[in-house]
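The values are calculated or read from the model by the stated rules, or taken from the named source; none is laboratory data. Nothing here was measured: the structure is a model prediction, and the numbers come from that model. Heads up, the Cβs are rebuilt from the backbone with ideal geometry, glycines too, and the neighbour counts pull from every protein chain shown.
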Amino acid sequence: MNKLLTIKDVAEYLQMSKEKVYKLAQRGKIPVSRIENQWRFRLEKVDAWLEANEMGSIAVAAQEGVALQVPIRAEPFLKWAGGKGQLLRQYEEFFPKEFNNFLEPFVGGGAVFFYLFNNGRLQGKKKIFLIDSNEELINCYSVIKEDVEKLIKILNGSKFINTEETFYKIRSEEPKDKFERAARTIYLNKTCFNGLYRVNSKGKFNVPFGGYKNPLICNSRNLIAVSSALQNVEILYGDFDRCLKLAKKEDFIYFDPPYQPLNKTSSFTSYTKKPFGEKEQVKLSKVFKELDKMGCKIMLSNSDTSFICSLYKNFRIEVVFAKRAINCKPSGRGAIKELVILNY
Ligand SMILES: C[S@@+](CC[C@H](N)C(=O)[O-])C[C@H]1O[C@@H](n2cnc3c(N)ncnc32)[C@H](O)[C@@H]1O
């Protein structure tokens, strides 16, 4: 294919900023031609760079009516508080080598699901269940699975622009249509302060406007990849204990609940209107033990507190280090200890 791409096309195609593409071209990493004083890239050269950089498996994406052979990794489409993206390398050694089905009952942004999917670890699995008790989040997953093109069309429409006035208008709306609701959630996540999802006690999204210069509100390429990753997945709204009815022997269950706060002043992030306190942590440990008896392989992330250690004292407890963006103690800046609890 001889398609010539602009710097904007390449940035979108590679999911990186125009500045980064510019730097790669300047350093000669991606060959570029000048045509009528404009930079133009050949698709096959961009693909060659992608391949050399091992950016993932080959898939076919239909963008702007052109079928492009592109290496696609499906990545979390929302920034989510407590997202596990930065811990995946440390988690690698803890994921079971062999398992039957996969269940993730606190899916959030889905960093672990997408990681396992991109690395071919969910290939051939009969069943994959993603569960969360945040209704808006689950609606996004369902809509992306069902008709991603329709969602992209809505997000790319004139409504979703990055101005303060539009942000607060859209934040105050409660659309009934499921596609409009998903578009609203994605838009708010991309344009709000710090890109986080947080609701008040009435369940209303309450994060202020972020005022970012040029947020990518609709990352079509990733949404298409996510949609394709979800085709074999059951997406369920509800409490984590739903997994008790779904799991079978040898299934792998990854639990990433809201963490037990390290102290009373720890910043609190509410994903849903129902808080996740000690009572829920105890209930979760009971579900963990039940699944253990059923012969499932279970991995659970949580903070390093004596309370959590006591709940899982009969299981294997490993330590990982997470980077913390904000930490008032100078000694605590950098990395903070977290736990991974395993029954295998
Ligand atoms: C720490 S986050 C998960 C983050 C996720 N692992 C990621 O990488 O983005 C916890 C998730 O649990 C969900 N949640 C809270 N209470 C729940 C419950 N009782 N049952 C199921 N999900 C719940 C929240 O909506 C949130 O998405």
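What to note about this one:
- LYS29 vs. criteria assigned to a loop (DSSP other than H, G, I, E, B), modelled with pLDDT of 85 or more and among the basic types (Lys, Arg): no
Per-residue answers, yes or no, for (1) within 14 Å of the ligand (Cβ to nearest atom); (2) over 21 Å from GLU338 (Cα atoms); (3) not hydrophobic (A, V, I, L, M, F, W, C):
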position: PHE77; (1), (2), (3): yes, yes, no
position: LEU87; (1), (2), (3): yes, no, no
position: GLU104; (1), (2), (3): yes, no, yes
position: VAL107; (1), (2), (3): yes, no, no
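- The residues of the range 287-313 that are more than 23 Å from the chain's Cα centre (by Cα) and within 13 Å of the ligand (Cβ to nearest atom) amount to a single one, VAL287.
- For the range 1-26, the set of residues classified as among the charged types (D, E, K, R) and modelled with pLDDT under 80 consists of LYS3, GLU12, listed by residue number.
- Given (1) touching a residue at least 60 places away in the same chain (Cβ under 8 Å); (2) assigned to a loop (DSSP other than H, G, I, E, B); (3) over 13 Å from GLU136 (Cβ atoms), number of the condition LEU223 does not satisfy: (2)
- Per the listing SER142, SER133, the residue uniquely within 16 Å of the ligand (Cβ to nearest atom) and in contact with a Ser or Thr (Cβ under 9 Å, 6 or more places away or on another chain) is SER133.
- Subset of the range 155-193 (residues that are polar (S, T, N, Q) and either over 18 Å from TRP80 (Cα atoms) or without any contact (Cβ under 8 Å) to a residue 40 or more places away in the chain (or both)): ASN156, SER158, ASN162, THR163, THR166, SER172, THR191
- Residues of the range 271-286 classified as within 10 Å of the ligand (Cβ to nearest atom) and not basic (Lys, Arg), total: 6
- Odd one out for CYS218, checked against (1) crowded, with 18+ Cβ neighbours inside 10 Å; (2) touching a residue at least 60 places away in the same chain (Cβ under 8 Å); (3) within 15 Å of the ligand (Cβ to nearest atom); (4) hydrophobic (A, V, I, L, M, F, W, C): (3)
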